[in-house]
1. Is it the case that region 204-213 has a residue that's outside the structural domain of residue 310 (by the TED database), surrounded by 15 or more Cβ atoms within 10 Å (Cβ to Cβ) and within 14 Å of ligand 1 (Cβ to nearest atom)?
2. Which members of region 152-166 meet the condition of being modelled with pLDDT of 95 or more and in contact with a Leu (Cβ under 7 Å, 6 or more places away or on another chain)?
3. All but one of (1) in contact with a helix residue (DSSP H, G or I) (Cβ under 6 Å, 6 or more places away or on another chain); (2) within 15 Å of ligand 2 (Cβ to nearest atom); (3) not polar (S, T, N, Q) hold for residue 135, so report the exception by its number.
4. Only one of 252, 235, 183, 203 is in contact (Cβ under 8 Å) with a residue 60 or more places away in the chain, at positive phi and within 21 Å of the chain's Cα centre (by Cα). Can you tell me which?
5. Give the residues of region 191-200 that are surrounded by fewer than 22 Cβ atoms within 10 Å (Cβ to Cβ) and under 19 Å from the mean Cα position of the chain (by Cα), sorted by residue number.
6. How about region 34-109: which strands (runs of 3 or more DSSP E) wholly inside it have at least 1 residues that are among the small types (Gly, Ala, Ser) and either within 26 Å of residue 214 (Cα to Cα) or away from ligand 2 (no atom under 14 Å from the Cβ) (or both)?
Amino acid sequence: METKLWAVDKEEPVLNSYPQIMEAASLLKQNEVVAFPTETVYGLGANALSDQAVLKIFEAKGRPSDNPLIVHISRIEQLTKLVDNVPELAHKLMDAFWPGPLTLVLPKKEGVSQYVTAGLGTLAVRMPDHAVARALMEVSGLPLAAPSANLSGKPSPTTSKHVEEDLIHRIAGIVDGGATGVGLESTVVDCTTEVPVILRPGGVTKEELEKVVGKVDVDPALFSQEEQHKPKSPGMKYTHYAPVAPVYLIEGSESFLQQTITDAQRKGQKVGVLATEETIAQITTTEITAIACGTKKDLTTVASQLYDGLRAFNATKVDVIFSETFPRTGVGAAIMNRLEKAAGHKLIKE
Ligand code: TXA
Ligand code: MG
């Protein structure tokens, strides 16, 4: 399949890139699959109201059919066709965080495609805060079902180049609006219980949510690999975000990281290190492939560079990747969740 590429102005796409937006929107109306930027990661969009279109997303990504999709909307009115019995706390969260990196799981309305929800009685929805995503929905007039635009199991794409690496010739088009902002996927919150539950940590932190609705729980499955803790968000059970070489999380001092590197090198391994600028500056061992991601002073920079860092190792010949770890508060919770999944929970403690 030919994959069309359109470069668009990410600030004013309708004003400055109307022909490109029109062409992409018309492919979406023909039930084709088109990748586009959001403020979190690139999404792989299709008409959420068409079974045929939605099935093409699963095919292009190689996504298991039991993993439901997020429906993206550009206007609050679109909700009435998608979800029912929206609780008060969900309205509060929408008022506070939409448009933005927050996905709400709500009771779905009769008639919503069973493929979007993977047969569940609930639907995940969000209103993205990105002019290009919004323009595509406004011009096509469609709500868009969109998972992250990567092949299943790969790190989510934060640039159109990442999308091309994974999906060229598998989808109808890619709208290039530059690098995304947050860099990690949206926070998914289940609003069908009395106390809302975070199913996936992300761009909006637990602390920020609690300021708006009081107590918020976290799905215990996020901290455990035990069988009895099945995650309520089906996607969280899969290995994810993983580069080709095995990733180990290193918890301890910088000298411990240094020691771990030296031990691996003695065994003849080529070592990759994923860490902040500060940590990399302190490593004295030679012959490592160090990839810097962000600064300790501002963990949002780590979030926005993490996936590019993980993907970058695939162009190297390392045998093993050691990653720095972070406090699990604020955006650190989402960073550590993605790192744990990339590492398959392999942790080396001092
Ligand atoms: O930031 C994002 O959320 C990006 C951009 C493109 O919007 N999208 C994204 O989609 O990350 P995806 O498909 O990669 O992740 C959606 C997550 C999965 O873990 C899925 O299992 C969960 O949301 N999910 C979807 N519908 C659900 C539902 N009804 N109940 C529980 N979890 C659900
Ligand atoms: Mg994904």
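1. Yes - at least one qualifying residue is present in region 204-213.
2. Passing the criteria: only 166.
3. Condition (2) is where residue 135 drops out.
4. Working: 252 fails: within 21 Å of the chain's Cα centre (by Cα); 235 fails: at positive phi; 203 fails: at positive phi.
The conditions single out 183.
5. 197
6. Numbers: elements: 34-36, 43-47, 70-72, 102-107.
Output list reads 43-47.
Let's see how each residue does on (1) modelled with pLDDT under 95; (2) within 19 Å of residue 194 (Cα to Cα); (3) away from ligand 1 (no atom under 12 Å from the Cβ):
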residue	(1), (2), (3)
69	no, no, no
78	no, no, yes
86	no, yes, yes
92	no, yes, yes
110	yes, no, yes
114	yes, no, no
122	no, yes, no
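For every residue, the table says whether it meets (1) without any contact (Cβ under 8 Å) to a residue 60 or more places away in the chain; (2) surrounded by 13 or more Cβ atoms within 10 Å (Cβ to Cβ); (3) under 22 Å from residue 107 (Cα atoms).
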| residue | (1), (2), (3) |
| --- | --- |
| 50 | no, yes, yes |
| 53 | no, yes, no |
| 57 | no, yes, no |
| 71 | no, yes, yes |
| 88 | yes, no, yes |
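The values are calculated or read from the model by the stated rules, or taken from the named source; none is laboratory data. Keep in mind the model is a prediction, meaning the values are calculated, not measured. Heads up, the Cβs are rebuilt from the backbone with ideal geometry, glycines too, and the neighbour counts pull from every protein chain shown.
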